[in-house]
Amino acid sequence: MKTNYLKIGLCFFLLAGFINTINAQKKNDFGNPTLTKYLNDEKTRSISFSGYTEIWARYAELNPGSLVNGEQVNSISDLSLRRVRVKMSYQPTEKFTFVLQGGLTNVNVASKTTPAFELLDAYAEYKFNDAIAAGAGRSTWRGLSRFTTGPLNTLLYDLPSYATANAGISDETVREMSVYAKGQIGKLDYRLVIADPYTNVSADPQYNLATFSKTHPNKDYSGYFKYEFFDTESNSTPFHSGTYNGKKKVLALGAGFEYMHNALWHLDEAKTTINDDEKSFAVDLFYDTPINKDRGTSFSAYAMAMNNNYGPNYVRYSGVSNPASGVNTTVSSLNGAGNNSPVIGTGNTYYLQVGGTLPYFNKAKNSLQLQPAGSVMLSDLDGLHDKALTYDAGISLLMNGMSSRLTFDAQNRPIYTLNDANLATVSDRKWQYVLKYRIDFN
């Protein structure tokens, strides 16, 4: 099966090589024609190929008791394939689009088996008009907040951790089987999604502590609405851009929700199992604008506030591309193994991100730019006595716009332990440093 997935990926690359007729007008960030073949003279029907690879070199201070290949270590330096993606978009008519995407995720020292090339997206969409389009299949189409769907042109090394907080629990690689409707009515952009969540949990209910239920999952309902004051953003894909580097002037005010009935459970004082709904609401504001187009300077900012109700004292600890394979429970913290930290839970989460591009190094060629950025995530969760504060600071070297960039990021996260009063308090803080290279092809 894994060999078949690899063959699928290779086929995508080979098919791209057979595109003899390409769009001579449109160029990518490298100055090359895009990998698009138009199927009619009006250029309203096409087949296109795209993808990207993200490679990490990392040094991380690990949580107490972390095990790497069975050995307890305090820190690690490692290489990781964070993401590899290969995508085909086929538009045989003006109204119909089919998307197929595969890839690899989080291939690192903790990956004990040969990584599988996964089927990630396979969905079809029919566009009635600009006001409404409908689609179905396996995809990242969902609501709640701007970054819930995953990464696209991120300012820092990766998405904020709260954005995909249920990843691997009720979805697979941020994907679910779903049907959706989307559209743009004037300045209003909307999406509404009904999905079948997965059940990827094995824990029994606990006293006064909500965990995801092992029972048959109910539908996952979500939506996201935004009002665009200046330029209009594309809604051709599920993803929202983290920055336009001054190519657009965007001010978007958004609001969204997610609801899953009986998604979690817990035990009350009588040891009776009580079912809990997941109810999440978010508002956010995104602003991206050029400062001086000739010099290439721009400014970007994003702010988000989210309220989550998962049930009593729910907290999820998770780490991106976690390098640890286990933890020594006799000396561990509440964070668990590796680079885990609290990412979401019952309570409120706030996020702020700012950044922008500095002048071109070579104005004549419009090439090479620095892009500094920073972010703060603050979570006030019922299950934590101390608020969770995680912050990032980084800088990117844009070699060919966002299509070839090198990013350095430093992140500081809290470590939680139980104090004498059995309350979750911050006992330490740990650092993680990531050097990421990303290259796109399209």
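The values are calculated or read from the model by the stated rules, or taken from the named source; none is laboratory data. Everything quoted here is computed from the prediction, not taken from an experiment. Please note: Cβ atoms are built from the backbone with ideal geometry, for glycine as well, and neighbour counts cover all protein chains shown.
Of all residues assigned to segment 308-318, none qualifies as being in a loop (DSSP other than H, G, I, E, B), at pLDDT below 95 and under 24 Å from the mean Cα position of the chain (by Cα).
When we screen Asn292, Asn328, Asn366 for residues that are more than 25 Å from Asp158 (Cα to Cα), in contact with a Leu (Cβ under 8 Å, 6 or more places away or on another chain) and polar (S, T, N, Q), the only hit is Asn328.
Only a single criterion out of (1) modelled with pLDDT under 95; (2) under 20 Å from the mean Cα position of the chain (by Cα) is not satisfied by Trp141, namely (1).
Hey, can you tell me all the residues within segment 43-78 that are part of a strand (DSSP E or B), in contact (Cβ under 8 Å) with a residue 12 or more places away in the chain and loosely packed, with under 13 Cβ neighbours inside 10 Å? Result: Ser77, single match. Applying the set (1) in a loop (DSSP other than H, G, I, E, B); (2) modelled with pLDDT of 95 or more; (3) not acidic (Asp, Glu) to Pro151 leaves exactly one unmet item: (2).
So, Leu368, is that one modelled with pLDDT under 95 and more than 28 Å from Ser145 (Cβ to Cβ) or not?
On the way: modelled with pLDDT under 95: yes; more than 28 Å from Ser145 (Cβ to Cβ): yes.
Yes; evaluated as a whole, the condition is true for this residue.
Residues that are crowded, with 22+ Cβ neighbours inside 10 Å, over 15 Å from Tyr162 (Cβ atoms) and of a type outside the set (A, V, I, L, M, F, W, C) within segment 314-335 comprise Ser321, Pro323, Ser333, Asn335, listed in sequence order.
Residue pairs whose Cβ atoms lie under 6 Å apart, sitting 6 or more positions apart in sequence or on different chains, and linking a residue in segment 136-150 that is over 13 Å from Gln101 (Cβ atoms) to a partner that is among the β-branched types (Val, Ile, Thr) and part of a strand (DSSP E or B), are Ala136/Val179; Arg142/Val193; Gly143/Val193. Name the pairs: first residue in segment 121-132 and within 16 Å of Tyr190 (Cα to Cα) and touching a residue at least 24 places away in the same chain (Cβ under 8 Å), second residue surrounded by fewer than 13 Cβ atoms within 10 Å (Cβ to Cβ) and aliphatic (A, V, I, L, M), Cβ to Cβ under 9 Å, at least 6 apart or on different chains? Going by the 9 Å Cβ cut-off, the qualifying pairs are Asp130/Ile185; Ala131/Ile185; Ile132/Ile185.
Answer yes or no as to whether Ala181 is surrounded by fewer than 16 Cβ atoms within 10 Å (Cβ to Cβ), out of contact with any Asp or Glu (no Cβ under 8 Å at 6 or more places or on another chain) and either among the small types (Gly, Ala, Ser) or part of a strand (DSSP E or B) (or both). No: the conditions fail for Ala181.
Results for (1) modelled with pLDDT under 95; (2) of a type in the set (Asp, Glu); (3) exposed (fewer than 15 other Cβ atoms within 10 Å of the Cβ), shown as yes or no for each residue.
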site: Tyr227; (1), (2), (3): no, no, yes
site: Asn245; (1), (2), (3): yes, no, no
site: Val250; (1), (2), (3): no, no, no
site: Glu258; (1), (2), (3): no, yes, no
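Just so you know, in segment 79-109 the residues that are under 17 Å from Gly137 (Cα atoms) and of a type in the set (Val, Ile, Thr) include one that is surrounded by the fewest Cβ atoms within 10 Å (Cβ to Cβ), and it is Thr97. Return yes when Gln369 is more than 28 Å from Ser111 (Cα to Cα), surrounded by 22 or more Cβ atoms within 10 Å (Cβ to Cβ) and not basic (Lys, Arg) and no when it is not. It is true that Gln369 is more than 28 Å from Ser111 (Cα to Cα), surrounded by 22 or more Cβ atoms within 10 Å (Cβ to Cβ) and not basic (Lys, Arg). In the set Tyr360, Tyr350, Tyr302, only one residue is aromatic (Phe, Trp, Tyr), in contact (Cβ under 8 Å) with a residue 60 or more places away in the chain and in a strand (DSSP E or B); that residue is Tyr302. Residues of segment 384-427 being in a strand (DSSP E or B) and either at positive phi or hydroxyl-bearing (Ser, Thr, Tyr) (or both), which ones? Matches in segment 384-427: Thr390, Tyr391, Ser396, Ser404, Thr407, Tyr416, Thr417, Thr425, Ser427. Checking each residue in segment 226-256 for being part of a strand (DSSP E or B) and either within 24 Å of Phe98 (Cα to Cα) or under 17 Å from the mean Cα position of the chain (by Cα) (or both) picks out only Gly256. When the residues of segment 323-347 are filtered to those that are farther than 16 Å from Arg413 by Cβ and part of a loop (DSSP other than H, G, I, E, B), the one that is farthest from the chain's Cα centre (by Cα) is Thr330.
Any residue in segment 185-197 that is assigned to a strand (DSSP E or B), aromatic (Phe, Trp, Tyr), in contact (Cβ under 8 Å) with a residue 60 or more places away in the chain and in contact with a strand residue (DSSP E or B) (Cβ under 6 Å, 6 or more places away or on another chain)?
no
Residues that are of a type in the set (A, V, I, L, M) and surrounded by 18 or more Cβ atoms within 10 Å (Cβ to Cβ) within segment 386-414 comprise Ala388, Leu398, Met402, listed in sequence order.
The condition of being surrounded by fewer than 14 Cβ atoms within 10 Å (Cβ to Cβ) and over 14 Å from Thr346 (Cβ atoms) holds for only one of Asp288, Asp268, that being Asp268. Residues in segment 276-299 that are closer than 10 Å to Thr357 by Cα and part of a loop (DSSP other than H, G, I, E, B): Arg295, Gly296.
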